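Colleague: Once you've had a glance at the structure underneath, I'll fire off some questions.
The values are calculated or read from the model by the stated rules, or taken from the named source; none is laboratory data. Please read all numbers here as calculations on a predicted model, not as lab measurements. Methodologically, a virtual Cβ is constructed for each residue, glycine included, from the backbone with ideal geometry; neighbour enumeration extends over all protein chains shown. What goes into the accessible areas is simple: the full protein's heavy atoms, side chains included, and nothing from ligands, DNA or RNA. Shrake-Rupley method; radii C 1.70, N 1.55, O 1.52, S 1.80 Å.
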Amino acid sequence: MTHDLNRRTLLKAALGSAGLSALGSLPAFAQDARIRLYWWGSKERADRTLKAVSLYQERNPSVKIDGETLAWGDYWPRLATQAAGRNAPDLIQMDYRYVAEYARRGALMPLDEFLGKSLDIGDFDKASLDSCKVDGKLYGINIGNNSNALIYNKAAFQKAGVAEPIDVTWDKFFELAAAVTKAHNGEYFGTSDASAEEVAFENWLRQRGKALYTEDGKLGLDEKDAADWFAMWAKARETKACPPADLQALDKNNIETNLLTQGRAACAFNHSNQYVGYQVLNKNPLGITMYPQGAGPNPGHYLKPSMMWSIYARSKVAEPAVKFANFTVKDVDGAKLLGVERGVPASPKIREAVSAELDAQGKLVVDFISHVTPKVGPIPPAPPKGAGEIQTMLRRISEQVGFGRLSTADGGKQYVSEAQAILSRA
């Protein structure tokens, strides 16, 4: 029975990047717990997750874990629907931007009662613990730390005969990107268009001394900030540093469809933990570095939990779910199976054990976190309720500006107006 379940899980999860992969029901004999596990991510993440599930079930035959996975864009609407219907999965892969919203509406279970017992994360540093707290209570288990990262095709820059975009200003970055486009006869672009990427927008705002959101959940930028952001990318389109809007629209906001993976652009704006997933899907060696700097004197980067494990408030198998989560972050064998694809482990002991067996790609991620750590600023407050809708709205307005349906100034006004309206009604 266990063999059949694992086999079906693997087959289903292989389709995870395309859509939901929920396991069908199987007859349950004598077993203590059946856990529904839900995560977003690439096939690489699904493969690693299910290897950890398989090992845990071998060691704990009374526990069965059913895996469900979706791409990021479909993941959150599905979770919101399930939570509203009081049928959410037991163990949820949670993002920092949503943890406060779900915790405050009673959808997540506080984990403080498990600390020092089935949840043995006492060696996590204060920042790794605090980043998973809401109103003083622990609602998540930090799976790994990460930061913003520019992931790029090394060969594209080498072919152009220009320096790789390591620790450069925004102006220098676009200069290098335009040179890459020119060297490829305009058929391959130096960078993807990141005007719709909230992670890049936030990093850039922080450099200007601004923020996406303030401590009290208000918008932390004005119309000029948003307009300047759109204008910077409009200029990049004019110089052909990045692709036109119709080509950029092929990116559906996941690793598989990013223009770097499609072989249409040399750079992707993302997070450090996603480097491994990108490299698996790209035949050329990829580099990893910080986002461009120079919009201001302040650091744009910060360290955050790449994601966390949270427990559904109504779960009837909370204790077994916590034990499996603990296995992935504090058991050497479980953590090695996940590697650094979900971030660099928060536990010093586990980080050392995982790092010792990493391949060259994994070591690059660990080295990147070591490089960026002295240069980061404080982690911003968790985004307020409605932030997910604003993130989607940024992508829509960015596309309208890119297609010439809105001026950069009007795009800035519309972004701020809609964002404030969303926050006021959230």
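Colleague: Just one of (1) part of a loop (DSSP other than H, G, I, E, B); (2) crowded, with 20+ Cβ neighbours inside 10 Å; (3) at pLDDT 90 or above; (4) over 20 Å from the mean Cα position of the chain (by Cα) trips up A295, so point out which.
Modeller: Exception for A295: condition (3).
Colleague: Same structure, new question: Among the residues of region 125-161, write down those that are part of a helix (DSSP H, G or I) and free of Cβ contacts under 8 Å to residues at least 24 places away in the same chain.
Modeller: Scanning region 125-161 gives K126, L129, D130, Q158.
Colleague: Follow-up. Just need a number here: residues in region 40-76 that are at pLDDT 95 or above, assigned to a helix (DSSP H, G or I) and more than 14 Å from the chain's Cα centre (by Cα).
Modeller: Looking only at that region, the number is 14.
Colleague: In region 115-127, what residues are touching a strand residue (DSSP E or B) at 6+ places or on another chain (Cβ under 9 Å) and open to solvent by less than 60 Å² (accessible area, probe 1.4 Å)?
Modeller: Passing the criteria: L119, I121, F124.
Colleague: In the list D135, D95, D112, D130, which residue meets the criterion of being buried (at least 21 other Cβ atoms within 10 Å of the Cβ) and acidic (D, E)?
Modeller: The match here is D95.
Colleague: Looking only at region 386-423, which residues are closer than 23 Å to R104 by Cβ, touching a helix residue (DSSP H, G or I) at 6+ places or on another chain (Cβ under 9 Å) and polar (S, T, N, Q)?
Modeller: Q391, T392
Colleague: Follow-up. What number of residues in region 170-183 are of a type outside the set (G, A, S) and open to solvent by 30 Å² or more (accessible area, probe 1.4 Å)?
Modeller: Total meeting the criteria: 4.
Colleague: So which residues in region 253-269 are open to solvent by less than 30 Å² (accessible area, probe 1.4 Å) and either among the charged types (D, E, K, R) or modelled with pLDDT under 95 (or both), if there are any at all?
Modeller: I255
Colleague: In region 89-109, is there at least one residue being free of Cβ contacts under 8 Å to residues at least 40 places away in the same chain and more than 23 Å from the chain's Cα centre (by Cα)?
Modeller: Taking every residue of region 89-109 in turn, none turns out to be free of Cβ contacts under 8 Å to residues at least 40 places away in the same chain and more than 23 Å from the chain's Cα centre (by Cα).
Colleague: Next question, about the same structure. Please note which helices (runs of 4 or more DSSP H) are completely contained in region 311-426 and include at least 2 residues that are free of Cβ contacts under 8 Å to residues at least 60 places away in the same chain and closer than 19 Å to A200 by Cα.
Modeller: The qualifying helices (runs of 4 or more DSSP H) are 387-402.
Colleague: Being among the hydrophobic types (A, V, I, L, M, F, W, C) and surrounded by fewer than 14 Cβ atoms within 10 Å (Cβ to Cβ) is the filter; apply it to region 343-382 and report the residue that is farthest from the chain's Cα centre (by Cα).
Modeller: A356
Colleague: Residue by residue through region 236-252, note down the ones that are open to solvent by 40 Å² or more (accessible area, probe 1.4 Å), over 20 Å from W170 (Cα atoms) and assigned to a helix (DSSP H, G or I).
Modeller: Answer for region 236-252, where residues must be open to solvent by 40 Å² or more (accessible area, probe 1.4 Å), over 20 Å from W170 (Cα atoms) and assigned to a helix (DSSP H, G or I): just D246.
Colleague: Any idea how many residues of region 390-399 are at pLDDT 95 or above and open to solvent by 50 Å² or more (accessible area, probe 1.4 Å)?
Modeller: Final tally of qualifying residues: 3.
Colleague: Of all residues in region 307-342 being closer than 23 Å to A80 by Cα and of a type in the set (V, I, T), which is surrounded by the most Cβ atoms within 10 Å (Cβ to Cβ)?
Modeller: I311
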